[in-house]
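Have a look at the structure below, then the notes.
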Amino acid sequence: MSQTAIITGAASGIGKHWANVLAQCNTYRLALCDIDEDGLRAAFTPNENVRLHRLDIRVPQEWQRVIDDSLAHFGRIDYLFNIAGGGRPAFFLNQPLENIDWVIDVNLKAPLVGMKLVGEVMVKQGAGHIINIASLAGLSPTPGNALYSAAKGGLRNASIAAAIEWRKQGVAVTVIAPDLVDTPLMQKHLDTGREEVALTYTGVTLTVVDLEKAFWRAMRDKPLEINLPRWRGWLTKLNHVNPSLMLLLYEPMKKRGMKRLEEIRRQRNARTKT
């Protein structure tokens, strides 16, 4: 039996890879969404099982349009993959005031709006699964990325709370918190190389395939939370329990992150030249 999935952020990065994976399975009906409509249409061809939608995730009315269209064409919604997001790293006093609204709107308020509106449909169905992409930055305060850390931490907390509220109604919620993922956003870091992003480069670099594996695991086991990699998740939680550790660790971690950032940049420049 075919199942219906809404995927946000489907024009690039994690969302594009995952949408391609599900499209190739031939057992999913897909509502693929992105604010970059041109990129979305360049990546996918609509057909009877694939609907393409320009979606500004910050606008409830646009969410409702996608939901109504999915129900009209597919009859139900089995999965929501809340993948779309973005960062504007800077030290807090260097953040323009408008970035506060943008980062919180895109990474917290918008996925919560989608979760509520799709959740209402799933509760009526008595079944469904919402999978939200947060970040390890949401498990631990991250200097240089305070706004993103605040937004993703809020998304994680809301996801777990909703999961507990909805479990008896047949609806699961899983929050996936990855370390750095090699996506177009990472390329922006490599282009700038500022100290603000240094802590992002103190762990491992994941690929979209790592996220694909996490999605399959989430769909199979329906856990409350998946941290990628698991060991980094435990380290960030330890720092969350005792945040004063960051006072001691920040400078050496920043140096390590900047060194790794330079190494990755050199490796990519070398590959480009060859």
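The values are calculated or read from the model by the stated rules, or taken from the named source; none is laboratory data. The structure presented is a predicted model; accordingly, all values stated were derived computationally and were not measured. Neighbour counts run over all protein chains shown; Cβ positions are idealised from the backbone, glycine included. Note: areas computed on protein heavy atoms with side chains; ligands, DNA, RNA excluded. Shrake-Rupley method; radii C 1.70, N 1.55, O 1.52, S 1.80 Å.
Structural remarks
- Segment 1-112: projected area of the alpha-carbon convex hull, averaged over directions, in nm²: 7.3 nm²
- The heavy atoms of L211 present about 0 square angstrom of accessible area, all protein chains included, probe 1.4 Å.
- Sum of side-chain charges, A146 neighbourhood, beta-carbon under 13 Å (Lys, Arg +1; Asp, Glu -1): +1
- Point-to-point label distance, T27-K255, nm (Cα→Cβ direction, 7 Å offset): 5.3 nm
- Accessible area of F92 in the full protein assembly, 1.4 Å probe (Å², nearest 10): 120 Å²
- Count Lys and Arg as plus one, Asp and Glu as minus one, and take only other residues whose Cβ is under 10 Å from that of K109; the net charge is then -1.
- Each listed q (0.19 Å⁻¹) maps to a log10 I(q)/I(0) for segment 120-268 from the Debye sum over equal C-alpha point scatterers, namely -1.15.
- Ellipticity at 222 nm from helices only: DSSP H runs of n ≥ 4 in the chain, each -39500 (n - 2.57), divided by the residue count, give -17000 deg cm²/dmol.
- Column: log10 I(q)/I(0), Debye, Cα scatterers of segment 99-156, q = 0.12, 0.16, 0.17, 0.27 Å⁻¹: -0.33, -0.52, -0.57, -1.00
- Per residue Cα convex hull volume in Å³ - calculated over the chain: 133 Å³
- With every protein chain in place, the chain: carbon and sulfur % of accessible area (1.4 Å): 55 percent
- Net charge contributed by nearby residues that have their C-beta within less than 14 Å of L52 (K/R +1, D/E -1): -1
- Exposure rank, largest accessible area first [T27, T174; 1.4 Å]: T27, T174
- Excluding same-chain neighbours fewer than eight residues apart, the aspartates and glutamates reachable from K259 by a Cα-Cα span under 12 Å are E195.
- Debye-sum result for segment 57-116 in log10 I(q)/I(0), which assumes one identical scatterer on each alpha carbon, at q = 0.24 Å⁻¹: -0.98
- Whichever lysines have a C-alpha closer than 20 Å to that of K109, once near sequence neighbours (fewer than 8 apart) are set aside: K152
- The residues of segment 69-159 expose, per residue, 37 Å² of accessible area to a 1.4 Å probe.
- Centre separation in Å (Cα based) which lies between segment 236-274 and segment 103-161: 25 Å
- Fluctuation leader among P243, P96, P223 - the chain, Gaussian network, Cα springs under 10 angstrom: P96
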